[in-house]
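A.B. asks: Would you mind keeping the following structure in view while I ask a few things?
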Amino acid sequence: MIKTSASLPRNYRIAGMRVSAGRHQPPETWLSGSTESKLVDNLSMVAHESAHGFQFIYPFNVLQASSPEDFKLGDYTAYFLDSARTYVVKHTVCFNSNELKNEIPKDLRTYRYTPYIAPKSGIGSQKEGFYGLLGEFNAYYIGMLMTHDMFAYYETQASEDLEAYQKYIQNISSDVAAFYEFKYFLLQYLLKAKLDYPDQYELLIDNTALRIAYTQVYTAFENLVKTYDKQLLVIETKISNLGIPVNIDDEYFWVDGYGVGLNLQTINPMKTELAKPVYEEVHQAFIYQK
């Protein structure tokens, strides 16, 4: 994804219009830390922000060939999963996600409610509606995948210091929380669209490319979260087999008296809410099935 973004030209001609993608931002733009450990911990952010750059520039490369007459800047997003799967989706008219602020009860206004839903701003997750929320969902998946793919590094470090396992868990569990938060935001958006903006909801339902992208991103993210859930128990067993006290409670992963948060205060309320039939119904209605 990062290599592709870097290789793409910065200027295009689409439907007779000159389009500039702006200056290329190298991935190290988002890299911070003065030690190896801190640099590795920050790679999820690098992948996440690089995904947004890819989402913006990749459609230009595709659209330059087809040059659609109704092209408008900002009307397309490319959702990336892997080298074989990128989904370029044209936006339809949709309301600002900030309108969800009154639909989300205070006890579910979790960490990412601000800034992705409120206060009102010009960020993509708000002004691009469902498409912007899906863009963030996609970026958090890419960030989590980066951390997951670095597990061998953390495991090597854990051979000398078991806190490396806890650092891995702490880093990746933040993106696990994002999975549940953005699933909730996306389904709340569909529910509100169906009730208050039926014409816009029909446009979303009729956008096959969008539904395919949603299905693919959601499935990949859900499977990654399931993999992590199993991995967490494997890590616990490995540490226990060393004869070192380890346990998981309602908030922390404890190793020999030292605990790190699992983000369960965010995850568990979201899981409880999402278990309600209304969310599963709207999700299944939007999943693309041939």
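The values are calculated or read from the model by the stated rules, or taken from the named source; none is laboratory data. Computed from a prediction, not measured in an experiment: that's the story for all the values here. Cβ coordinates were reconstructed from backbone atoms using ideal geometry, including for glycine residues, and neighbour counts include every protein chain displayed. The area values use the complete protein model at the heavy-atom level, side chains included, leaving out ligands, DNA and RNA. Shrake-Rupley method; radii C 1.70, N 1.55, O 1.52, S 1.80 Å.
A.B. asks: Please verify whether Glu273 is at pLDDT 95 or above, out of contact with any His (no Cβ under 7 Å at 6 or more places or on another chain) and either surrounded by 13 or more Cβ atoms within 10 Å (Cβ to Cβ) or closer than 30 Å to Gln200 by Cα (or both), treating the condition exactly as stated.
C.D. replies: Yes: the conditions hold for Glu273.
A.B. asks: Something else now. Out of the residues in the stretch 91-107 meeting the condition of being of a type in the set (A, V, I, L, M, F, W, C) and within 9 Å of Gln188 (Cβ to Cβ), tell me which one is surrounded by the most Cβ atoms within 10 Å (Cβ to Cβ).
C.D. replies: Leu100
A.B. asks: Which one of these is open to solvent by 10 Å² or more (accessible area, probe 1.4 Å) and of a type outside the set (A, V, I, L, M, F, W, C): Gly129, Gly143, Gly124?
C.D. replies: The unique qualifying residue is Gly124.
A.B. asks: For the stretch 198-277, which fully contained strands (runs of 3 or more DSSP E) count at least 3 residues that are not aromatic (Phe, Trp, Tyr)?
C.D. replies: Here the list reads 246-248, 258-261.
A.B. asks: With the requirement that a residue be aliphatic (A, V, I, L, M) and either at pLDDT below 95 or closer than 18 Å to Leu224 by Cβ (or both), what does the stretch 134-161 give you?
C.D. replies: Selection gives Leu134, Ala139, Ile142, Met144, Leu145, Met146, Met150, Ala152.
A.B. asks: Working carefully through the options Glu136, Glu155, find the one that is surrounded by 24 or more Cβ atoms within 10 Å (Cβ to Cβ) and part of a helix (DSSP H, G or I).
C.D. replies: Just a single option satisfies the conditions, and that option is Glu136.
A.B. asks: Follow-up question, since we're still on this one. Would you check which residues across the stretch 158-178 are outside any helix (DSSP H, G or I) and in contact (Cβ under 8 Å) with a residue 60 or more places away in the chain and list them?
C.D. replies: Passing the criteria: only Leu162.
A.B. asks: Inspect all residues belonging to the stretch 20-43 and state whether any of them is open to solvent by less than 60 Å² (accessible area, probe 1.4 Å) and on the phi > 0 side of the Ramachandran plot.
C.D. replies: Checked the stretch 20-43: at least one residue is open to solvent by less than 60 Å² (accessible area, probe 1.4 Å) and on the phi > 0 side of the Ramachandran plot.
A.B. asks: Which one of these is farther than 29 Å from Leu195 by Cβ and of a type in the set (Asp, Glu): Glu36, Glu99?
C.D. replies: Of Glu36, Glu99, the one residue that is farther than 29 Å from Leu195 by Cβ and of a type in the set (Asp, Glu) is Glu36.
A.B. asks: To continue, here is another question. Being open to solvent by 30 Å² or more (accessible area, probe 1.4 Å) and not hydrophobic (A, V, I, L, M, F, W, C) is true for just one of Thr114, Thr110. Which residue is that?
C.D. replies: Thr114
A.B. asks: Select, from Lys72, Lys90, the only residue that is closer than 26 Å to Ser20 by Cβ and touching a residue at least 12 places away in the same chain (Cβ under 8 Å).
C.D. replies: Lys90
A.B. asks: Here are the criteria: (1) more than 30 Å from Gln55 (Cβ to Cβ); (2) in contact (Cβ under 8 Å) with a residue 12 or more places away in the chain. Tell me which single one Tyr214 does not satisfy.
C.D. replies: Condition (1) is where Tyr214 drops out.
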